[in-house]
Each structure stands twice: as structure tokens, then as C-alpha cells.
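Notes follow once the structure below has been shown.
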Amino acid sequence: MPESALTWRSYLKGQGTILFGFLFLGAALSGVSWALSYYGLGRGKVSEGGQLIEFRQLNPSEHPIYEEIDAGNYSEVAVMTKVIMPENGSATVTVYGDQDGETKGELKRIASVGAAWSRWEHENSSKHLNLIVESGAQSAAESTMQVDVLVYLSPK
């Protein structure tokens, strides 16, 4: 056998095998990645029939604001809150749940600070949700306040 054939034969037994193994592994991983992206494991789901409840320009600086929401026909709830005015203001939205008129208690206390939105998502098992919006203002200079609270209910 010529010496060049022996060199190729020894290459294929050593480094060549490792090289082809990694090439095959890379091809397999890229195929799996393509399949996952094409068939939608990373795709979001669309929910239809939901309800958006808006509480705009609430002023909790004078007294806490109480709101009740009938949530018995919905499986998920998302609560978003934002302090509109003053820009450096703060507010707290407390969410309570009940089942058949019996209070289950506090589900979440959402702190909203500044002009950024705060969001909380939860699987709903309550018939009614109660929201209490309270001001975090400490001084009389911040007595006029505006808070927006949005509640999105996803159907079962």
C-alpha cells in the first residue's frame, strides 16, 4: 500500500473519526433546534373571549378605594398597576379572593412605584376578586394622586 494511503488511513482512525463525530453531532443538534422552532414549542398561545376591566385615574390619597370583580368564569387573572401622578408617587394594590362568599384572604400585594407598570399574573380559583388601592404618599404635597389599575381575565 502506498505511504499516502497509510497516512489517510491513520488520519481517519484518529482525528478524522473525532472530526466526523462532532460534525454529525452538530448536524443533529441543528436539526432538533430547527424542529423545535418550526413546530412551535416557543410560540405563544392566543386566548379569546377575555375581559379587560379598567380602573382609571383612581385617587387613593383621600381614602382607600375598594373594587369588586366577578371572576367566577375565568381561569387566569392579570393585574397591572401604574402611578400616573405624581411621577415619584407610590401606591399599593392588594388582591383578595373568595369562594362562595367566604373570604380566602390576601392573594397578592402589588407595590406600584413611579411611572413604571407593575404586573401580577395568577391562576384564578376565586368566584370574586376584591381590590384595595391605597396610597403610599407620606406628605400633603403628594395628596393628589392618580393610579391606573387594569385587570385582564382569561376565560376557562
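Quick one: which of G97, G21, G16 is within 25 Å of E121 (Cβ to Cβ) and not aromatic (F, W, Y)?
It is G97.
What pairs can you find where one residue is in region 1-23 and assigned to a loop (DSSP other than H, G, I, E, B), the other is surrounded by 10 or more Cβ atoms within 10 Å (Cβ to Cβ), and their Cβ atoms are less than 9 Å apart, with a gap of 6+ or different chains?
What qualifies is M1/R9.
Any chance you could count how many residues in region 26-42 are of a type outside the set (A, V, I, L, M, F, W, C), assigned to a helix (DSSP H, G or I) and at pLDDT below 85?
Matching residues across region 26-42 total 3.
I'd like the full set of residues that are touching a residue at least 12 places away in the same chain (Cβ under 8 Å), aliphatic (A, V, I, L, M) and not in a strand (DSSP E or B), limited to region 43-76.
A71
The values are calculated or read from the model by the stated rules, or taken from the named source; none is laboratory data. This one's a predicted model, so the numbers in the text were calculated from it and none came from an experiment. Backbone-built Cβ (ideal geometry, glycine too); neighbour counts: all protein chains shown.
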